[in-house]
1. Take each of the peptides C:449-458, C:351-360, C:128-137, C:32-41, average the number of other beta-carbon atoms within 10 Å over its residues, and list them starting from the highest.
2. Considering amide H positions built from the backbone, and no H for Pro or chain starts, which residues 5 or more places from C:Tyr181, or on another chain, come under 5 Å of its amide H?
3. Order the peptides B:275-284, A:96-105, B:34-43, C:242-251 from the highest to the lowest mean number of other Cβ atoms within 10 Å of their residues.
4. Given the rule -39500 (n - 2.57) for each run of at least 4 DSSP H residues, summed and divided by the residues of the protein assembly as shown, what is its mean residue ellipticity at 222 nm, to the nearest 500 deg cm²/dmol?
5. Which pairs in the list B:Lys379/B:Lys421; A:Lys34/C:Lys90; A:Lys34/C:Lys303; B:Lys142/B:Lys337; B:Lys321/C:Lys48; B:Lys337/B:Lys398 are over 27 Å apart, alpha-carbon to alpha-carbon?
6. Report, in debye and to the nearest 20, how large the dipole of segment C:82-346 comes out about its Cα centre when Lys and Arg carry +1 and Asp and Glu carry -1 on their Cβ.
7. Just going by the charge dipole of chain A, with Lys and Arg at +1 and Asp and Glu at -1 on Cβ, which of A:Asn89, A:Gln30, A:Val70 is farthest out on the positive end?
8. About the Cα centre, and with charges only on the beta carbon of Lys, Arg (+1) and Asp, Glu (-1), how big is the dipole of chain B? Nearest 20 debye, please.
Amino acid sequence: MDKDARYAKTHEWARKEGDLIVVGVSDFAQSLLKDVVYVELPTEGTVFQKGDKAADIESVKAVEELKAPVSGEVVAVNNALEDSAEAINEDPYGEGWFMKIKPSKIEEFDELLSPEEYEKYVATLEH
Amino acid sequence: MNKKEIIQAHYQEPLVFELEPTNYPKYYAPEIPPEIMKNVPATDKLIPKEMLRKEPPKLPSVAEFQLARHYLRLAQMNYSVDTNFYPLGSCTMKYNPKINDFLSMDRRLSDVHPFQPARTVQGNIRILYETEQMLNELAGMKRTTLQPSAGAHGELTGILVIRAYHYDHGEGEQRTEIIIPDSAHGTNPATAAMAGYRTVIIKSRENGLVDLEALKAVVSEKTAALMLTNPNTLGLFEQEICEIAEIVHDAGGLLYYDGANFNAIMGRCRPGDMGFDAIHFNLHKTFATPHGGGGPGAGPVGVVEKLVPYLPKPLPEFDKKTGTYYLNFDVPKSIGKIKGFWGNFNVIVRAYAYMLSQGAEGLKRVSEQAVLNANYLKKKILECNAWTLPYAPETPRKHEFVLEGQKLKEETGISTLDVAKRLLDLGFHAPTIYFPLIVHEALMIEPTETETKQTLDKFAEAMKQIAKECHEQPELLVNAPQNTAVPRIDEVLAAKEPILSWQMYQERQTEK
Amino acid sequence: MTNQKEGSADTIQKEMESYLGIRSIDELFEDIPPSVRLNRPLKLPAAKSERDLSLYLDEILSQNLPVTSFLGGGAQFHYIPALVKEVITKPELLNAYTPYQPEVSQGMLQGLFEYQSLINELTGMNVTNASMYDWPTAIAEALLMCRRLFNNRTKVLLPQSIHPDRLSVVENYLAGPKISYELISFNKETGELDLEDLRTKMNENVAAVYLENPNSFGVIESEAATVSRIVHEKGAKLIVGVDPISLALLEAPANYGADIVVGEGQGLGTPLSFGGPYFGFFSLQYDRKIIRQMPGRVVGLTKTKDGTKRAFVLTLSTREQHIRREKATSNICSNESILAFGAGVYLSLLGANGLRKTAEYCLKAAHYLASEINKLKHFEAPIFKGQFYNEFVVRVTKGTMAEVETRLVEEGFVGGYTLEKCHPELGETAIFCTTEMHTFEDIDRFLKVLRKIDKDLGGGA
């Protein structure tokens, strides 16, 4: 669990980096997916509304969507994932980041769950 | 029983491209007759220069004897229903009688071109005609097209026919939704999407059946159809089928029957009598045609009277006056064609032979034995106390049942995948796993009618042994299978660094 | 005499029933509402013994008339080597389901992997899927795939010469996703695609263009490379439909710019069987993103988990209906695996030389037949100037093609597939086809009958 990030109920994390928001999937999400084999990232410049599908994450027998936790424009994507999707499993909060978004409604970031809230939420799912 | 018990050949068989090239004895293709050679210009004069192939394809250069061994070895590394029990849920892997294969190879069938005039193919059209008559009776439908190639193709055909019906009644643009239960086969939502519909998923009730209230909440003037299989994928019969039909019909929608589970009900009840408007059959499941490692199948679609005008063309007909059979292309409202020609005829012939050899009583008996076997095996396996039977445990199943492996996983960490792989070690094919999606760690088991009690008992014994191993020797499961042609395969590597051909394999080798 | 085995079989059934605590199997069906139960026997014939079934089918098949046909149009009569028949009827392969458990299905998987690779050698691509239902559905799926590769290109172009049945299948597949199509006319003289018409119809809304080579008139598209340039200039995809045997002589479509190659695989070891089952092949060049839009199953080469052995497995399954459901690239599940497997056997046995010889036979027999027909007073063959492979259009200038066909059947022949319904503007025409199955004697006897018909048509045109 990254204590500096905030979380969506759809298991994305979002972390402030200057005036950008870095986005990835939580450790819980990667553990459900197991071995990620492929991600389809958006192109830079794409504009998302909060909740839009922003990326596809594939394991061998499942495919999940990463939903934009905040609205805004994609200004950078982690192209390294194309060749090393395992980073999502091995280092979901670090090397496994997906994209950086320039938020258009910064208040959406504050509405996301705190690490503690997300932890509690995940606990309800595990039973 | 830890000793290694080989159940398959373990060849390190090279790819056909890796076999040693030989010129002897070579394969002789027919010689071009000298009279033709004499009168026709050379090949490079007959083909536009820019289209002449510059490099011949790099096909293997091997002799028949090498290939005969190659394919024999490959076959020996392949499990089939002729090998042993194949309890793959939803797939109806019953025994395929040999006579059907033999009859289908008759040259009077196999060497006939589909465009031959009707007068030269009276026998073939008669087979189509009589097959259709039998399927109509079995499902309680007015007419059946034999054109679709497989179950999913039948679904697409049926939904396109329903779509044409709605358009013809001025409601095509309005009816944009297809309702599908969450327990449905993946092909149902995929078909609906392909036909341009939005899928509306309804949750199953705690008894595993369609929730009438949930259904009522989603049907509307937008409903084009409900797709349902009955018995459903849990093996449970939708007891409120008449009410379901009424709800959908009252809203102007139609009912589509996914015939994957038809083996459960032959001669007992008919989709037509339940209120369904269209149904596809899976000839490669219910009617014992070989599945060929993935195909061919055949997916005829039967419909009620009001949908007949929209069926693909042609339809086989019999002209009583002249006593001749013909293909009727004069179907003005037909959706046209859904595949080339008239259907997977060679598969249809086998199904035809199967129906004739079973007869009316035999087909009913098929379903009875399939259901008896399923319920027997279900009870036997539940005695292991390892797996549970979710949804209405007291209600008899039909042709298949779905076990839940959640409890076992929590207690031992052993997943359904491991169980499946261990079954392979013990000489059985695994059931369908992780389907339907509404069951955790699902094992979907369909024994079919062509198994003895002894086989069912042995399978239940194997499950019992596995349940014990989960607690005592979990490594046997995690490392399974060991007795098969190859041990467990790295599917992650396959998907992550795909090598989809010999060409890509060679590229990869040179990169390294 | 009591049959002891049957007696004990009844006992076993009773045992099973009493184990379940039921008195009869009927109890297992009690949850079926009475109102929908079928309370009468099925109105179907009584069971036939194996002998009677054989006799019955024999009688039915004796109603078929043996003929020598020159029909093509998407299905061709080719020789099937004994090895192919033997391999694809091996029970271990024929009676297997889809190889969902790869560890016990290596034979089927390796055979399909080889098939995929062998087709690649013909098309020049490096990916071929494990088969589609047939050629027409492969075209349709290729068009749908190209549509998915673009956000907002909603139109496709097809040749006007395309066989009407194939077009009808395509129309049905395009209906749901609301993809529109336009037909590109053909050059009336050569029978090839009209490049001017293609240029006019190409724009930024076109996702894909489908080209057949040889086309449905049998004509080889000599300017395929130009077609490719025109299509790619507008950023669209080029799908090429081919006869696989012809690729022993004709350029691999990948080399003139095809993005997807499809075709009818029937000629590669699958019997005519009155129209099916056949199989469609579907080839393309690997691209990690584009491959995600490919329909159908595909076999990949990988290793065992312990890293010790090479092994094969169905892969990239997240595209398919059982995982992605309504978002799948196609609803296809069952395909035509055993026939594709057989095609692998066929291509491996014939090799490049055998395949080339077969293709040359098809080509030359067609040219011989065409030139002989063209000598007749009331027949023209071929009616197009474009060079052709093994199918060509014949026109009768007096009377009707239907009348000619009737006469031919009386003599034990079937000529070509008549084009009067789909191309009335061409006059009384039919498309004829020859393969290596036509001996010189077949062709010679056929020509004798045609000469007689020609004579009976009389003097003036």
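1. Result, highest mean Cβ count within 10 Å first: C:128-137, C:351-360, C:449-458, C:32-41.
2. Counting only residues 5 or more places away or on other chains, the set is C:Val156.
3. Numbers: B:275-284: 28.2, A:96-105: 20.3, B:34-43: 13.1, C:242-251: 24.1.
Going from most to least packed, we get B:275-284, C:242-251, A:96-105, B:34-43.
4. -11000 deg cm²/dmol
5. From the list (B:Lys379/B:Lys421; A:Lys34/C:Lys90; A:Lys34/C:Lys303; B:Lys142/B:Lys337; B:Lys321/C:Lys48; B:Lys337/B:Lys398), the Cα-Cα distance tops 27 Å for A:Lys34/C:Lys90; B:Lys321/C:Lys48; B:Lys337/B:Lys398.
6. That gives a dipole near 1280 debye.
7. Of the candidates, A:Val70 comes out farthest on the positive side.
8. Dipole magnitude for chain B comes out near 1320 debye.
Where a number appears in this text, it was derived from the coordinates with a stated rule and is not lab data. Bear in mind the structure is a predicted one, so any value in this text is a computation, not a measurement. Glycine gets a Cβ as well: all are built from the backbone with ideal geometry, and neighbour counts include every protein chain shown.
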